[in-house]
Amino acid sequence: MYWLILAVLLWGLLHSFLATLKAKAFVLKWFGESVARFYRLGYNLLASFSFIAVLVIAAVTPSWRLYLVPLPWSALMVFGEFLAVVMLVVGFRQTDAWEFLGLRQLMGAASSKEPEGPLETTQGHLVTSGLYHYVRHPLYTAGLVFIWLLPVMTVNVLAINIALTVYIVVGTYFEERKLRSEFRQEYSDYAEATPMFIPFLKGNKTRR
């Protein structure tokens with residue numbers, strides 16, 4: 001189990017490092033500005049395939065079941081996961097998901113500025129409407145809801161869920177530092193009025 005936790009944490013570190021401007025600048029220095037349009041897509045593909053490696057480690061690591069939620073509660077949990085998937089789709093549609101995934105860059109000139117996260121649109125404007133009116137990070141909220149509503153829990157799944165939760169929370173902290181640095185008072189006002197992950201955790205103040 002410890003190897004599995006280490007694998008997830010290493011995946012998180014790699015994922016976070018490659019998301020930094022320093023990592024992108026290093027790649028462009030060695031391979032040239034022409035690869036800039038491929039960076040976001042390559043970053044997403046590397047993150048996806050490396051996480052598949054983590055799942056392979058989980059599959060070959062001995063484990064045992066901790067609990068199995070019976071009906072009808074398990075059906076309610078699966079329905080909650082379905083709502084989380086819907087939330088992910090809606091959240092992506094509210095932002096420029098194609099650029100965030102790295103597909104829009106392939107069809108045009110490489111942008112000198114990558115989106116810092118799902119909160120930011122192509123034009124560099126802060127998204128604060130729709131789901132983002134209720135939580136600052138609806139995509140992360142949906143992801144956490146999905147993984148923790150699994151009706152079957154094993155030791156390996158628990159290890160992955162804990163590691164992913166820590167990664168999301170820590171990663172969000174660094175993402176918000178970048179957003180505060182870019183949007184300054186606008187983001188500070190938004191963060192003051194809007195909870196990070198849990199809707200209605202505190203009152204949503206009226207934003208100008």
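Which percent of the Cα-Cα distances in the chain go past 24 Å? Could the numbers behind the result be given before it?
Details: 10594 of 21528 pairs.
The proportion of pairs with Cα distances above 24 Å equals 49 percent.
Given the Cα-Cα distance of Ser181 and Arg93 and 0.36 nm per residue of separation, how much length would full extension add, in nm?
Details: separation 88, 0.36 × 88 = 31.68 nm, distance 2.51 nm.
Answer, rounded to one decimal: 29.2 nm.
I'd like the per residue volume of the convex hull spanned by the Cα atoms of region 27-113, given in cubic angstrom. If you can, show how the numbers build up before the last one.
Values: hull volume 11.7 nm³, N = 87.
Hull volume normalised by residue count: 135 Å³.
Remind me, relative contact order of the chain in percent, using alpha carbon pairs under 8 angstrom and six or more residues apart? Before the final figure, lay out the partial values.
Values: 211 pairs, mean separation 56.9, N = 208.
It comes to 27 percent, rounded to a whole number.
Between Phe31 and Leu10, what length comes free when the chain is fully extended (0.36 nm per residue of separation minus the Cα-Cα distance, one decimal in nm)?
Values: separation 21, 0.36 × 21 = 7.56 nm, distance 2.49 nm.
Extending this stretch completely gives an extra 5.1 nm.
Give the dimensionless ratio obtained when the Cα radius of gyration of region 129-208 is divided by 2.2 N^0.38 Å. The partial results should precede the final answer.
Numbers: Rg = 14.6 Å, N = 80, 2.2 N^0.38 = 11.6 Å.
Ratio of Rg to 2.2 N^0.38 Å for region 129-208: 1.26.
Take peptides 88-95, 53-60 and line them up by average Cβ neighbours within 10 Å, highest first, as a rough protection proxy.
Numbers: 88-95: 16.9, 53-60: 13.8.
Order by mean packing, descending: 88-95, 53-60.
Could you rank the peptides 61-73, 147-159 by their average count of other C-beta atoms within 10 Å per residue, with the highest value first? Let's see the in-between values first.
On the way: 61-73: 10.5, 147-159: 16.7.
With the highest mean Cβ count within 10 Å placed first, the list reads 147-159, 61-73.
More than 17 Å apart: what percent of Cα pairs in region 155-201 qualify? Provide the component values of the computation, followed by the final result.
Working: 527 of 1081 pairs.
Cα-Cα pairs of region 155-201 separated by over 17 Å account for 49 percent.
List every DSSP H helix in the chain whose Cα atoms extend 18 Å or more along the helix's own long axis and whose mean Kyte-Doolittle hydropathy is at least 1.6. Mind dumping the intermediate values first?
Details: long enough: 2-18 (24 Å, 1.91); 36-60 (37 Å, 1.48); 73-93 (30 Å, 1.80); 155-183 (41 Å, 0.67).
Correct list, ordered by number: 2-18, 73-93.
Can you tell me the order of 30-36, 40-46 when each peptide is scored by its average per-residue count of other Cβ atoms within 10 angstrom, highest first? It would help to have the intermediate numbers written out before the result.
Working: 30-36: 11.4, 40-46: 16.1.
Order by mean packing, descending: 40-46, 30-36.
Every number in this text was worked out from the coordinates using simple rules, so none of it is lab data. Bear in mind the structure is a predicted one, so any value in this text is a computation, not a measurement. Cβ coordinates were reconstructed from backbone atoms using ideal geometry, including for glycine residues, and neighbour counts include every protein chain displayed.
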